[in-house]
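Each reported figure results from applying straightforward, stated rules to the coordinates on display, with no laboratory input. Computed from a predicted model, the values in this text were never measured in an experiment.
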């Protein structure tokens, strides 16, 4: 089980206090499915004969595919980095929980999850109007949780329109093209360990 002495990041504590981690006030973020604080402390690390999960790493959320979002200790008196364990590899996603949430919002508005033409819409996609409603909810619900600069960027997203964009892996409709996405990541999310791998498993 997770060490009971770990310090839950303040951003996550505030989300818990507002009821965002569970129904009826659950706050949906793209591909980040929250564990409540009780569920975090009750997490059972997987073990087998050959290897064990690194018990200094704390799974706090999971993806739609069942992979884990992780708090990764990064030295004394520093807030945990956030890592993503996906497809057998663990990489640093952000330097703290606040940045991880903000980065995931950036990734979402750059994704292929939106339609302009209902005739061509896919089942998982939402309309521009639905996206704007979601961004308004983020701007309102994250007051006092995310910093004002991040909230201002989310507010700016609400003033934009979906547009055809090209990314390395295809073309779709989104708020941000690849250059705009990369510029925001570089400006707000970048840190020395960004997207580098770290050990999720420890050999016995």
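The stretch between residue 148 and residue 202 holds 15.5 nm of extra length on full extension. This uses 0.36 nm per residue minus the Cα-Cα distance. Tell me the relative contact order for segment 100-189 as a rounded percent, counting alpha carbon contacts under 8 Å between residues six or more apart. In percent, rounded to a whole number, it is 33.
GNM remark for the chain: springs join alpha carbons under 10 Å apart, and the peak mean-square fluctuation among 136, 118, 148 falls on 118. In the chain, helical runs assigned H by DSSP with n ≥ 4 each contribute -39500 (n - 2.57); averaged across all residues and rounded to the nearest 500, the mean residue ellipticity at 222 nm is -8000 deg cm²/dmol. Between 0 and 90 degrees, the angle of helix 148-157 with respect to the longest Cα principal axis of the chain falls at about 40 degrees. For segment 13-110, the gyration tensor built on C-alpha atoms gives a rounded shape. Its axis ratio a/c (a ≥ b ≥ c) stays under 1.5. Multiplying the residue separation of residue 182 and residue 51 by 0.36 nm and subtracting their alpha-carbon distance yields 43.5 nm. In segment 100-189, inverting the average of 1/r over every pair of distinct C-alpha atoms gives 13.5 Å as the Kirkwood radius. In units of the compact-protein estimate 2.2 N^0.38 Å, the chain shows a Cα radius of gyration of 1.07.
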